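Data first, discussion second: the structure below is written as structure tokens.
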Amino acid sequence: MRARTTALTAASLVLALAAGPLAAPAFAAPASPSPVASRSTAGPDAEALSAALAGLPDRDATAALVRVGGDGTWRGAAGVRDVRTGAPALEDGRFRAGSVTKVVTAAIVLQLAAEGRISLDGTVQRYLPGLLTKDFRPITVRQLLNYTSGLRPGPSLGDTVEEGYPHRFETLTPRQVVAGAVAKGPGYAPGTRQTYGNIHYTVLGMLIEKVTGDSYAHQARVRILRPLGMRHTSFPEGADPRIHGPHNRGYDWIDGELVDVTDWNVSDRWAAGDMISTTADLERLLVALFRGRVVPEPQLREMFTLPDVPDARYAATLERFELNGRVIWGKTGSRPGYAAVIAATRDLSRTLVYGVNSTDAKGDGQFATTERFGYPAFNR
């Protein structure tokens, strides 16, 4: 399905902050994209990238932060920080990175494998005894990493933003999520199909904690964030629904009204999707990862090797796709009000990171966001 195509002028969106939906006053005039930091004739398509940001805020996004690198660079920011005031978007604003979190989780697991503390062929039954019932065949760590474990999705507090909004401050713990998934029984024999989902990485988060005797968030900080200088990346403390530090507020259309969805307890996503970051920090992660500074060989090859199952698209968290004759590896992420991407060619000749305040990040809008802000980065 394609996203909404109706474009509205900023003044036509009647907004104001009340206790929930927004209603008058109107948006301020659309913010122009910030100046390009640098460009080269052999670099990215600056005209197409600028066009993607033009006119923000609009019905589909209230702000966008884009960084393109490799052979030539381009950076842009447009939109508003807050629709109530019309203040321009913060170029270094923090945002919910959603499933980009899985890249950090996979990197930690692969580091542990490189250290000999786990085996990728070792099983969940071995490392987390009692977690699965006898109905499950052995599931390997590698099958969790590449989404071929056969685990069914766990429970949630709403399958859509509309359903989840009334429950946004409630807590569903990772253990409750896994217990609910296990209660459903296996979906298929491990290693025979690929089904993307958070459940695989929720179990990997539990594995990390069991093997290290430490919290997932602390392991992420000492192994990934601090060594790479990702000073503005963090994980919520428990059920804390806030984004701490400077950020652009997130919004979503609910029952025809634009609603502020910035504050949301995402603890149920945990190691699969609760990271908060910036475009600069995610660019550091992307470049360092692809250069082998985060995960050593041969474990890094797991991130660029598709499993031998029908229609496989994902390796160890990274998705492979082709665009304009290039093979690109990347990861998308979304939470209500926020959409994120990291992507690059394997040789880093072109890199892309964005954080977009999409007003339909968990629905059809996630595809339109990728087309609008992601594809132009790989035009040439």
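Observations on the structure shown:
- Residue match in segment 153-168 (condition: among the β-branched types (Val, Ile, Thr) and in contact with a helix residue (DSSP H, G or I) (Cβ under 9 Å, 6 or more places away or on another chain)): no
- Looking across segment 215-226, the residues that are in contact (Cβ under 8 Å) with a residue 60 or more places away in the chain and more than 18 Å from the chain's Cα centre (by Cα) come down to GLN219, ARG223.
- Condition met for LYS362 (closer than 16 Å to VAL68 by Cα and of a type in the set (Lys, Arg)): no
- Residue count for segment 334-376, restricted to those that are surrounded by fewer than 23 Cβ atoms within 10 Å (Cβ to Cβ), assigned to a loop (DSSP other than H, G, I, E, B) and either of a type in the set (S, T, N, Q) or out of contact with any Phe, Trp or Tyr (no Cβ under 7 Å at 6 or more places or on another chain) (or both): 5.
- Where helices (runs of 4 or more DSSP H) fall wholly inside segment 123-183, the ranges with 1 or more residues that are over 20 Å from GLY337 (Cα atoms) are 124-127, 141-145, 174-183.
- Check on THR41, of a type in the set (Val, Ile, Thr) and modelled with pLDDT under 95: yes
- Among the candidates THR305, THR279, THR317, THR332, residue that is without any contact (Cβ under 8 Å) to a residue 12 or more places away in the chain and under 29 Å from PRO174 (Cβ atoms): THR305
- Members of segment 85-122 found to be among the polar types (S, T, N, Q) and part of a helix (DSSP H, G or I), listed by number: THR101, THR105, GLN111
- When residues of segment 73-125 are limited to those that are in contact with a strand residue (DSSP E or B) (Cβ under 7 Å, 6 or more places away or on another chain) and among the hydroxyl-bearing types (Ser, Thr, Tyr), the one nearest to TYR314 (Cα to Cα): SER99
- Per this entry, PHE321 is counted among residues that are farther than 21 Å from ARG284 by Cα, modelled with pLDDT under 95 and assigned to a strand (DSSP E or B).
- Taking segment 223-296 and the strands (runs of 3 or more DSSP E) fully enclosed by it, the elements with 1 or more residues that are within 19 Å of ALA106 (Cα to Cα) and of a type outside the set (A, V, I, L, M) are at 275-277.
- Residue that is surrounded by the fewest Cβ atoms within 10 Å (Cβ to Cβ) [pool: residues in segment 192-219 that are assigned to a loop (DSSP other than H, G, I, E, B) and β-branched (Val, Ile, Thr)]: THR192
- Close pairs (8 angstrom Cβ cut-off, 6 or more residues apart or separate chains): closer than 21 Å to ALA97 by Cβ in segment 285-300, surrounded by fewer than 20 Cβ atoms within 10 Å (Cβ to Cβ) and among the basic types (Lys, Arg) anywhere: PHE290/ARG346
- Whichever residue in segment 61-73 is in contact (Cβ under 8 Å) with a residue 60 or more places away in the chain and surrounded by fewer than 24 Cβ atoms within 10 Å (Cβ to Cβ) and, among such residues, is nearest to THR359 (Cα to Cα): GLY69
- Test: residue in segment 260-281 that is of a type in the set (Gly, Ala, Ser) and either over 19 Å from the mean Cα position of the chain (by Cα) or exposed (fewer than 14 other Cβ atoms within 10 Å of the Cβ) (or both): no
- Summed over segment 154-191, residues that are surrounded by fewer than 16 Cβ atoms within 10 Å (Cβ to Cβ), under 15 Å from ARG269 (Cα atoms), out of contact with any Phe, Trp or Tyr (no Cβ under 9 Å at 6 or more places or on another chain) and not small (Gly, Ala, Ser) total 8.
The values are calculated or read from the model by the stated rules, or taken from the named source; none is laboratory data. Note that the coordinates shown come from a computational prediction; the quantities given were computed from them, not determined experimentally. Positions of Cβ are generated from backbone atoms using ideal geometry, with glycine treated the same way; all protein chains shown enter the neighbour counts.
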